[in-house]
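The values are calculated or read from the model by the stated rules, or taken from the named source; none is laboratory data. Just so we're clear, the structure is a prediction, and the values are computed from it rather than from any experiment. Backbone-built Cβ (ideal geometry, glycine too); neighbour counts: all protein chains shown. Surface accessibility is based on the protein's heavy atoms, side chains included, excluding ligands, DNA and RNA. Shrake-Rupley method; radii C 1.70, N 1.55, O 1.52, S 1.80 Å.
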Amino acid sequence: MSMYQVKPVCGSLLKPDLPTCMYTLPNIHGQQGNSCTSDLCSEHALQNGEVDPAVKALEARQDEILRKLYELKAAVDGLAKTVTTPDADLDLTVSSSLSSQSPSSTTFTGVTNLDTLLGKDLGALRDIVINANPAQPPLTLMVLHSVLCQRYRVLSTVHVHSSVSNVPPQLLSCLGPRHADSYARQMFQLGFTLIWKDVPKLQMKFSVQNMCPIEGEANVARFLFKLLSPYPSDAALATLVDSWVDMAFFQLAEGSAKERAAVLRALNSALGRSPWLAGQEFSLADMACYCCVLQSGPASSTPSNVQRWLKSCENLGHFSPAKPFLQ
């Protein structure tokens, strides 16, 4: 028996409104003009690839700010270069050059693009930093630097690391005289920084923060030569060039007397068939072998075809920076 009775508060026909989903969204797929409001239509249009004008203006403003930041970074880098450089503790001399010479008489095949090889120029100077031992001057790199100055606007600097004490004056000025606009780094396309340092092997850094160093004069010479002319597209010809470069640095420059004699015989035989080591065109193979042949001994002791080839190389005018170190 119940304690008390109450009357029902709802009728038997009342049906509660229960939800069928968690939440509802407007239909954005309706036809324009019917179920699509103006706001939804604009959102639908933006989803189809159109960019809001406000976003375009914001992106343009961002690009302008980034451009000014890169210009400011280039100016700061220029000021920093006058004080110190990566891996250089003591700056005894700073020599810069902006070459205005006419192109060389030798035309390197192919056209190179610095943006393709070194990355897009975003305002900061693309600087190649090389550590070299003054006891073993990199003659091939001096020749390549001279040719690069004929192709590009190059800011060249020489520094001395504290690990070496005595550097001959001719090594301090090996990249040419100081240029009046050396502090305006934005005028240059390429930076070439040579640091005389006590290192067992020549080292090159292009991006000091983002890449490991390239070691060995042969490998650095390959890198720099590609800034002048691409390697031959023919795999056999490219292999031939690499083979001569390796023989020049590892057998002529560092090998025994027997190895040097064998390379001179191979040079004499190859130059009897063609004017240059890689066929009818001057290449990195000729540049490397010229420097290493004269470093290994006097030109008068070489075979006849090699002597003729040495004179042809000298007539090009590329090797004047190396001649003071070959005497």
Count of region 286-297 residues which are buried (at least 23 other Cβ atoms within 10 Å of the Cβ) and either under 18 Å from ALA236 (Cα atoms) or not β-branched (Val, Ile, Thr) (or both): 7
Long-range neighbours under 8 Å by Cβ, at least six apart or interchain, first residue of a type in the set (S, T, N, Q) within region 261-278, second open to solvent by less than 30 Å² (accessible area, probe 1.4 Å) and assigned to a loop (DSSP other than H, G, I, E, B): ASN268/THR302
Residue list for region 268-282, filter: farther than 12 Å from VAL306 by Cβ and either modelled with pLDDT of 90 or more or surrounded by 12 or more Cβ atoms within 10 Å (Cβ to Cβ) (or both): ARG273, SER274, PRO275, TRP276, ALA278, GLY279, GLU281, PHE282
Residues of region 219-236 that turn out to be farther than 21 Å from LEU190 by Cα and touching a Ser or Thr at 6+ places or on another chain (Cβ under 9 Å), as a count: 1
Meets criteria (within 18 Å of GLN295 (Cβ to Cβ) and either open to solvent by less than 40 Å² (accessible area, probe 1.4 Å) or not polar (S, T, N, Q) (or both)) for ALA248: yes
Test: ARG265 is modelled with pLDDT of 90 or more, out of contact with any helix residue (DSSP H, G or I) (no Cβ under 9 Å at 6 or more places or on another chain) and open to solvent by 50 Å² or more (accessible area, probe 1.4 Å): yes
